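Here the structure comes first, spelled out in structure tokens, and everything after it is commentary.
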Amino acid sequence: MKHIARLLHIAMPAAIIMAFLYAPTAEVHGAPGRLLFFHVPMAWISALAFLTAGLLSMAHLAGRGRFLDSTARHSAEAGLAFTFLATASGSVWSKLSWGSYWNWDPRQTSIVFLMLIYIAYFSLDSALRGKTNRGRIASAYLILAMAVMPFFVFLFPRFLGMSLHPQSGTLETDPATRITLLVSIAAHTLLYLHILSLRNRTHRLEQNIRNIAR
Amino acid sequence: MVKDIIRNMRKDFRVEFREKSALQIAFSFAFIATLSVGLVMGGASTGARERSIILWLIMFFSAMSGLAHAFVREEEKGTALLLRLTSSPSAVFTAKLLFNLAFFLALQFLITLLFVFFVEGDVASPFPFALTILSGGTALASASTILSAMAARAGVRGALFPVMSLPITLPVLFAATGATAEAMERPGLAPGGDIIFLLAFSGAIIAVSYLVFEYIWIDE
């Protein structure tokens, strides 16, 4: 955990400095184009947090360890925050690139779908507060949501048309932009792991305090 | 196992028909919602896409008003504990799923008839239309059954069930509205991939439901 914090303290300032000083200004969008270095990592963390929460839920139901359900919840909390940020930054990027804040682009819509799942999950989780089966039922919901995900991957391009986002391998970028983007993705991944470990630690402290109070 | 399923299903139908109130409310909701939409539209000309969206929204909210009942009733009346002692989780889930499927298909029959009659929903290809309604209904009922078990265990009434259900059933609404609109406006249409998609969705949801139901139903 200490290593994650140390790495984050190096990687995040490096990503910010590289995004503003090292990467070249985008030809079409100019300086606002630097939003790319924050929007893409945020969208990546939204999906990563969802996947992690789903896998931890599976492990929890399989009885692979204590606190896995609460770690899944903390991952979903971070995921929800990043989903909001990705949607907001994506809307600004969309206005710059395609002229309007919302375009019904499959990838834009997928992020909103993720947000809906997170909100529904937290509604269920808060309704279960204080119940013995809280972790198991909330985990079952996340697993069900994960099972539905591939159907969206199949449906969205069909109903919403092809994505306006550049497809992987088709985006021609100079090496400096590519390196900056990779550093920023790594820094945001470390930030997510750091948030997750901090939330786990505070949760365990809360549990210990509660046990002592009893 | 089969005997348990039949016994539980028979019990569910008997209780529902004896009490009638839940059935009556669900059918009244479907009836009033469809008629109200027809009246509000007042014969206004709408495209097939808009009509199919309205039809599936009525179906979704009818499912929300009626399908949570099977599990909620067991928790409210305190019979869930007895059910846990006498039947396996798979038998309970199968009985509830079959009950919800039968109940929702009956509800859909009423909604579709009223909708076609009052909203002037001309159907150019009746066979694919009927198949879409059936397969979409199966998908909605399958997803609603496992979600209603979670909502019942949470013990919260009101908006929780629709809030949980909407993100999970969105693929069904997407595919079903598209296929229904096509069946409404294109004559001589052959049943297509959307029906397979809806059946595949039902299959996937039912498979995952069997895997996780035990964890929802049995206390730690």
* How many partner chain Cβ atoms sit within 10 Å of a residue's Cβ in peptide B:207-216, on average, as a whole number? -> 5
* Structure fact -> Taking every residue of B:28-35, the Cβ atoms of other protein chains inside 10 Å of its Cβ average out to 0
* To do: For the stretch A:82-92, just list the computed ³J(HN,Hα) in residue order, Karplus coefficients 6.51, -1.76 and 1.60, θ = phi - 60°, integers in Hz, with x standing in for Gly and Pro.
  => 5, 5, 4, 5, 5, 5, 5, 5, x, 5, 5
* Take peptides A:41-52, A:197-208 and line them up by average Cβ neighbours within 10 Å, highest first, as a rough protection proxy. => A:41-52, A:197-208
* Asked: At the nearest 100 Å², what buried accessible area, both sides summed, do you get for A and B when the probe is 1.4 Å?
  -> 2800
* Approximate spin-label separation A:Asp174-A:Leu198, in nm, with each point projected 7 Å along Cα-to-Cβ -> 3.5
* At 1.4 Å probe size, with every protein chain present, just tell me what the per residue accessible area of the stretch B:2-217 comes to in Å². => 42
* Amide H contacts of B:Ala124 (H built 1.01 Å from N, under 5 Å, at least 5 apart or other chain) -> B:Met184, B:Glu185, B:Arg186
* Asked: Under a 1.4 Å probe, what is the accessible area of the stretch A:41-162 per residue, stated in Å²?
  -> 40
* To do: DSSP loop (so not H, G, I, E, B), at most 15 other Cβ within 10 Å: list which trypsin sites (Lys or Arg not before Pro) in the stretch B:47-96 pass both filters.
  => B:Lys77
* Structure fact -> Within 10 Å of the Cβ of an average residue in B:166-179, the count of other chain Cβ atoms is 5
* For the residue pair A:Phe84 and A:Ala62, what label-to-label distance in nm results when each label sits 7 Å from Cα along the Cα-to-beta-carbon direction? -> 3.3
* On full extension of the chain, what length is gained from A:Leu51 through A:Tyr22, given 0.36 nm per residue of separation minus the C-alpha to C-alpha distance? -> 7.2 nm
* For the stretch B:186-213 and the stretch A:137-151, distance of Cα centres in Å -> 17
* Between A:Trp104 and A:Ile212, what length comes free when the chain is fully extended (0.36 nm per residue of separation minus the Cα-Cα distance, one decimal in nm)? -> 33.7 nm
* Would you mind getting me the FRET efficiency between A:Arg6 and B:Leu166? Use the beta-carbon distance for r and R0 = 30 Å, nearest 0.05. => 0.10
* Got a sec to turn the phi values of the stretch A:141-150 into Karplus ³J(HN,Hα) couplings, 6.51 cos²θ - 1.76 cosθ + 1.60 with θ = phi - 60°, whole Hz, x for Gly and Pro? -> 5, 5, 5, 4, 5, 5, 5, 7, 3, x
* So which residue, out of B:Leu114, B:Leu81, B:Leu131, gets the largest mean-square fluctuation from a GNM of chain B using Cα contacts under 10 Å as springs? -> B:Leu81
* If the label point is 7 Å along Cα→Cβ of B:Leu81, which residues in the stretch A:121-138 have backbone nitrogen under 11 Å from it? -> none
* To do: Would you grab the residues whose amide H sits under 5 Å from the one on A:Phe67? Only those 5+ places off in sequence or on another chain, please, with H modelled 1.01 Å from N.
  => none
* Asked: List the trypsin sites (Lys or Arg not before Pro) in the stretch A:113-145 that DSSP assigns to loop (not H, G, I, E or B) and whose Cβ has at most 16 other Cβ atoms within 10 Å. Which are they?
  -> A:Arg129, A:Lys131
* Structure fact -> Calc'd 3J(HN,Hα), the stretch B:78-92, phi into Karplus 6.51 cos²θ - 1.76 cosθ + 1.60 (θ = phi - 60°), Hz, glycine/Pro = x, comes to x, 8, 4, 4, 5, 5, 5, 6, 9, 10, 6, x, 5, 5, 5
* Candidate lysines for bridging to B:Lys20, where Cα separation is under 29 Å - those fewer than 8 sequence places away on the same chain excluded -> B:Lys3, B:Lys11, B:Lys77, B:Lys96
* Structure fact -> Mean-square fluctuation maximum in Gaussian network of chain A, Cα pairs under 10 Å, restricted to A:Ala19, A:Ala187, A:Ala140, hits A:Ala140
* **Environment charge of A:Arg204, counting only residues whose C-beta is closer than 15 Å and scoring Lys/Arg +1, Asp/Glu -1** => +3
* Structure fact -> With Cα coordinates, the longest principal axis of chain B makes an angle with the long axis of helix B:48-66, in degrees rounded to 10, of 20
* For chain B, find the longest principal axis of its Cα atoms and tell me its angle to the long axis of helix B:21-41, 0 to 90°, nearest 10. => 20
* Asked: With contacts defined as alpha carbon pairs under 8 Å and 6 or more residues apart, what's the relative contact order of chain B in percent?
  -> 30
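The values are calculated or read from the model by the stated rules, or taken from the named source; none is laboratory data. Since the model is a prediction, treat every value here as computed from it, not as a measurement. Heads up, the Cβs are rebuilt from the backbone with ideal geometry, glycines too, and the neighbour counts pull from every protein chain shown. Heavy atoms of the whole protein, side chains included, go into the accessibility calculation; ligands, DNA and RNA do not. Shrake-Rupley method; radii C 1.70, N 1.55, O 1.52, S 1.80 Å.
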